[in-house]
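Read the structure below first, then the notes.
The values are calculated or read from the model by the stated rules, or taken from the named source; none is laboratory data. Computed from a predicted model, the values in this text were never measured in an experiment. All Cβ positions, glycine included, derive from the backbone under ideal geometry; neighbour counts span all protein chains shown. Heads up: the accessible areas ignore ligands, DNA and RNA and are worked out on the full protein's heavy atoms, side chains in. Shrake-Rupley method; radii C 1.70, N 1.55, O 1.52, S 1.80 Å.
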Amino acid sequence: MLTNKRGSLIGAVLAVSIGILVIHVNFVIFQGLYDAIIRDMSDYRFGDVYVIDEEDFIEKSDLALVNWFERIPYVEAAAPRLSSSASINATKYGQKTEEFQIPVVGVDPFRDTRVSTIHETIYDGQYVFSRNSLVVGSTVAQDLGGVEVGDSLKLKIVDRWGQDQLKRFIVTGITNTPGGQGLDTSVIIHIDTLRDMLDRKGDTGSLLVKLNDPTKAVEVKNFFLASFPNDDFKAETIDESAEDALRGFRSGIAMINMIGYFGMMSSAFAIVTILMMLVTSKTREIGVMRAIGAKRKDILIIFLLQGVIIGAIGAGVGTALGLSYTIYAKETKMQWEGSLALEVSYQWQKTVQTALMAFALAIVASIYPSYRATKLQPIEAMRTV
Amino acid sequence: MDKTYGEGETAVNALKDVSFSVNKGEFLLVVGSSGSGKSTLLNMIGLLDRPTNGRIFIDGVDTMTLDDNEVSAFRNSKLGFVFQSANLIPDLTVLENVMLPRQIQRTDESATTDSLKLLRGVGLEKQAHKRANRISGGQAQRAAIARGLVNKPTIVLADEPTGNLDSITAETIVQLMKSMAKKLGQTFIVVTHEREQFGDVDRIITIKDGRAFEGEEAPSKIEVTV
Ligand SMILES: Nc1ncnc2c1ncn2[C@@H]1O[C@H](COP(=O)(O)OP(=O)(O)OP(=O)(O)O)[C@@H](O)[C@H]1O
Ligand SMILES: [Mg+2]
């Protein structure tokens with residue numbers, strides 16, 4: 001009743017809402033970016049569980065391992081890959097271009113399309129389908145001076161005995177991933193072709209396992225390791241694979257979050273300032289209330305209640321705004337200028353936490369102004385006109 | 001009682017050895033020149049401030065023994081205030097303003113009917129549901145009088161209640177207070193500069209240089225007793 005200053009209250013509510021909104025926006029963008037990178041790492045390069053040999057190559061039959069995995073109910077599919085590096089040069093209009101050293105990934109086309117979405121990133125042509133087809137990463141294609149589908153490229157690979165092996169391929173597709181987490185800087189060929197060139201028949205570099213329930217990754221990994229105790233297998237979940245790669249990014253997120261919370265603190269200062277102004281402008285009314293018998297406690301409650309109202313409305317409005325932004329980002333698969341689309345998720349616990357924190361902060365921020373209001377002496381208060 | 005503002009060199013002895021008692025139902029006028037100590041006296045009786053020395057008994061209660069909360073409760077139940085400016089809460093309606101002392105006390109039920117009855121008494125029944133900042137100064141002061149009376153206080157204290165009003169409005173306010181006093185048997189202590197406005201009253205106290213004297217005139221020579 002003393003405090004019916006709508007303008008200033010709207011200001012305070014806005015301060016709280018904006019604080020919350022900033023935290024939500026930060027979260028959507030940076031957590032979204034982080035999750036998008038993990039999503040792409042999983043989709044293009046690691047699957048949900050990634051298996052390699054601790055020392056060298058996996059010598060067990062890839063077929064046997066794939067079958068073993070695919071018997072687990074949580075497992076959607078598994079596929080082998082083999083990596084090496086090659087020198088490459090293109091022949092374009094009869095002219096040889098410069099030689100490059102680039103990574104080569106050998107895939108089993110039939111199985112690979114079931115564990116990875118890399119085949120969906122071919123924007124021109126199609127995925128590896130025959131022994132001499134070659135998919136070129138967009139960066140490589142560019143570096144080679146604009147390789148196109150149908151061009152022929154010669155790869156030179158050093159085999160296990162140190163001998164150069166040369167083979168001519170036909171470019172069947174060009175892969176390009178937004179955000180560059182895919183194989184933009186590699187070339188992709190048939191795994192058996194690569195095995196032949198390396199003279200590593202039956203060897204596999206890594207096994208990508210895709211789960212239909214990604215939350216079971218640890219379980220599947222542990223089950224696998226326990227089932228093959230005598231092989232030097234090393235398996236890691238996508239979270240573990242991402243761990244090292246994204247450590248820097250994660251501390252970045254932590255920092256951004258800190259900034260969000262500092263923003264919230266400044267909202268609290270805004271509330272203190274606004275309520276102090278309110279107390280000052282209501283000095284006379286406070287004096288009257290005290291004169292007609294309001295106790296200090298009554299005045300305290302009136303102004304604290306103001307903090308509660310500001311906190312509640314601010315938290316509500318801020319959360320609504322934040323969620324609207326989150327929904328918008330999720331529905332539109334928000335991305336910037338061809339960079340990767342954010343992987344937006346709803347984090348209810350964090351949403352509630354943020355709202356509660358803002359609410360509590362608003363109340364804490366109203367304590368001092370409320371206390372000041374109770375310290376006004378009725379005669380002093382009424383003297384001010 | 002005595003009241004001294006400040007300390008040392010700058011100390012002001014606003015009230016010196018003032019002592020009197022007021023009878024129930026009395027309409028007491030306090031007059032005196034500016035700065036003589038009238039408001040100070042009223043603030044002491046209203047328990048808005050404490051005397052430096054001395055005691056104030058209201059309804060047989062030694063008010064000096066009350067703590068802050070008790071003083072608030074005492075002000076609420078035993079004292080009514082009418083200030084120079086009406087001091088209504090602008091965002092509340094006239095009726096809500098009048099009910100305010102009741103609501104602070106939290107003994108409700110009849111608050112609305114009593115308040116409406118008082119508003120009718122001061123001729124504001126039509127304005128009851130208007131917001132307090134939408135009525136004239138004279139009407140606001142009537143509402144303030146109703147607010148001062150709503151808790152059926154032991155004493156209503158009014159400090160220059162007509163000070164902000166033109167003479168015609170002031171006249172009606174004075175008549176209103178006097179008639180309410182008579183009708184309700186209500187004790188009033190009214191400070192004023194405008195002795196004439198009030199005509200006949202039960203009793204007058206004159207303050208001069210912080211000392212209180214019965215009657216309309218202070219003796220021209222003051223005997224100082226130490
Ligand atoms: N809070 C205060 N601090 C210091 N001195 C004060 C204070 N309040 C009043 N005084 C002084 O006490 C004396 C009496 O003041 P008071 O306000 O009681 O006079 P008054 O009779 O009500 O005057 P007026 O008719 O102008 O309202 C004055 O000298 C005044 O300056
Ligand atoms: Mg005065």
**Prompt:** Which of the residues that make up segment B:164-198 are within 16 Å of ligand 2 (Cβ to nearest atom), under 23 Å from residue A:288 (Cβ atoms) and surrounded by fewer than 16 Cβ atoms within 10 Å (Cβ to Cβ)?
**Reply:** B:193
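Out of everything in segment B:43-71 that is charged (D, E, K, R) and assigned to a helix (DSSP H, G or I), what residue ends up being nearest to ligand 1 (Cβ to nearest atom)?
Among them, the one singled out is B:68.
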**Asked** List, please: which pairs have Cβ atoms under 6 Å, are six or more places apart or on different chains, and start with a residue in segment A:288-301 that is at the interface with chain B (Cβ under 7 Å from one of its Cβ atoms) and end with one that is assigned to a helix (DSSP H, G or I) and open to solvent by 20 Å² or more (accessible area, probe 1.4 Å)?
**Response** A:293/B:104; A:294/B:104; A:295/B:69
**Request:** Determine which member of the set B:115, B:136, B:179 is farther than 23 Å from residue A:382 by Cβ and either within 16 Å of ligand 1 (Cβ to nearest atom) or among the hydroxyl-bearing types (Ser, Thr, Tyr) (or both).
**Result:** B:179
**Where a residue in segment A:156-173 is among the polar types (S, T, N, Q) and its partner, wherever it lies, is open to solvent by 80 Å² or more (accessible area, probe 1.4 Å) and part of a strand (DSSP E or B), with Cβ under 8 Å and at least six apart** = A:165/A:158
**Asked** Looking at segment B:184-200, is at least one residue acidic (Asp, Glu), under 18 Å from the mean Cα position of the chain (by Cα) and modelled with pLDDT of 90 or more?
**Response** no
**Request:** Within segment A:209-227, track down each residue that is open to solvent by 20 Å² or more (accessible area, probe 1.4 Å), touching a residue at least 24 places away in the same chain (Cβ under 8 Å) and of a type outside the set (S, T, N, Q).
**Result:** A:210, A:213, A:214, A:216, A:219, A:221, A:223
**Complete:** Filter segment B:199-217 for residues that are surrounded by fewer than 20 Cβ atoms within 10 Å (Cβ to Cβ) and of a type in the set (Gly, Ala, Ser); the one that is nearest to residue B:152 (Cα to Cα) is B:199
**Asked** Inside segment A:228-253, can you point out the residues that are open to solvent by less than 70 Å² (accessible area, probe 1.4 Å) and closer than 21 Å to residue A:111 by Cβ?
**Response** A:228, A:231, A:233, A:235, A:236, A:237, A:238, A:241
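Taking the conditions exactly as written (open to solvent by 30 Å² or more (accessible area, probe 1.4 Å) and part of a helix (DSSP H, G or I)), does residue A:129 satisfy them or not?
The answer is no for residue A:129.
Scanning segment A:262-287 for residues that are closer than 23 Å to residue A:20 by Cβ and surrounded by fewer than 16 Cβ atoms within 10 Å (Cβ to Cβ), which turns out farthest from the other protein chains (Cβ to nearest Cβ)?
A:262
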**Prompt:** Counting only residues that are in a helix (DSSP H, G or I), closer than 19 Å to residue A:288 by Cα and at pLDDT 90 or above, how many does segment B:101-131 have?
**Reply:** 2
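Residues are listed down the side, and each one gets a yes or a no for (1) assigned to a helix (DSSP H, G or I); (2) under 27 Å from the mean Cα position of the chain (by Cα); (3) at pLDDT 90 or above; (4) among the polar types (S, T, N, Q):
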| site | (1), (2), (3), (4) |
| --- | --- |
| A:27 | yes, yes, no, no |
| A:45 | yes, yes, yes, no |
| A:51 | no, yes, yes, no |
| A:64 | yes, no, yes, no |
| A:72 | no, no, yes, no |
| A:80 | no, yes, yes, no |
**Message:** For the structure I just gave you, tell me whether residue B:70 is within 11 Å of chain A (Cβ to nearest Cβ) and without any contact (Cβ under 8 Å) to a residue 60 or more places away in the chain.
**Reply:** yes
**Fill in**
Expected output for segment B:27-52 (first residue of a type in the set (Ser, Thr, Tyr), partner within 9 Å of ligand 2 (Cβ to nearest atom), Cβ below 6 Å, 6+ apart or cross-chain) is B:39/B:159
**Item:** Matching option when the condition is among the β-branched types (Val, Ile, Thr), touching a strand residue (DSSP E or B) at 6+ places or on another chain (Cβ under 6 Å) and part of a helix (DSSP H, G or I), among B:173, B:189, B:204, B:145
**Value:** B:145
**Message:** Within segment B:90-116, take every residue that is facing chain A (nearest Cβ under 9 Å) and closer than 15 Å to residue B:127 by Cβ and give me the one that is most open to solvent (accessible area, probe 1.4 Å).
**Reply:** B:96
**Prompt:** Among the residues of segment B:37-55, which ones are open to solvent by 70 Å² or more (accessible area, probe 1.4 Å) and within 14 Å of another protein chain (Cβ to nearest Cβ)?
**Reply:** B:50
**Prompt:** Picking from A:343, A:337, which residue would you name as being of a type in the set (D, E, K, R), over 22 Å from residue A:260 (Cβ atoms) and not assigned by TED's automatic domain parsing to the domain that holds residue A:184?
**Reply:** A:337
**Asked** For segment B:13-36, what are the residues that are within 13 Å of ligand 1 (Cβ to nearest atom) and more than 14 Å from every other protein chain (Cβ to nearest Cβ)?
**Response** B:13, B:15, B:16, B:18, B:30, B:31, B:32, B:33, B:34, B:35, B:36
**Item:** Odd one out for residue A:91, checked against (1) open to solvent by less than 30 Å² (accessible area, probe 1.4 Å); (2) in contact with a strand residue (DSSP E or B) (Cβ under 9 Å, 6 or more places away or on another chain); (3) at pLDDT below 90
**Value:** (1)
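Quick grid of which residues meet (1) at pLDDT 90 or above; (2) within 16 Å of ligand 1 (Cβ to nearest atom):
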| site | (1), (2) |
| --- | --- |
| A:304 | yes, no |
| A:323 | yes, no |
| A:328 | yes, no |
| A:335 | no, no |
| A:372 | yes, no |
| A:376 | no, yes |
| A:383 | no, yes |
**Message:** Looking only at residues that are within 16 Å of ligand 2 (Cβ to nearest atom) and β-branched (Val, Ile, Thr) in segment B:11-36, which one is surrounded by the fewest Cβ atoms within 10 Å (Cβ to Cβ)?
**Reply:** B:12
**Item:** Verdict on residue A:347 being more than 26 Å from residue B:73 (Cβ to Cβ) and out of contact with any Gly (no Cβ under 7 Å at 6 or more places or on another chain)
**Value:** yes
**Fill in**
Across (1) within 10 Å of chain A (Cβ to nearest Cβ); (2) open to solvent by less than 30 Å² (accessible area, probe 1.4 Å); (3) not in a helix (DSSP H, G or I), residue B:84 clears everything bar (2)
**Asked** What residue, of A:379, A:367, A:363, is within 14 Å of another protein chain (Cβ to nearest Cβ) and part of a helix (DSSP H, G or I)?
**Response** A:379
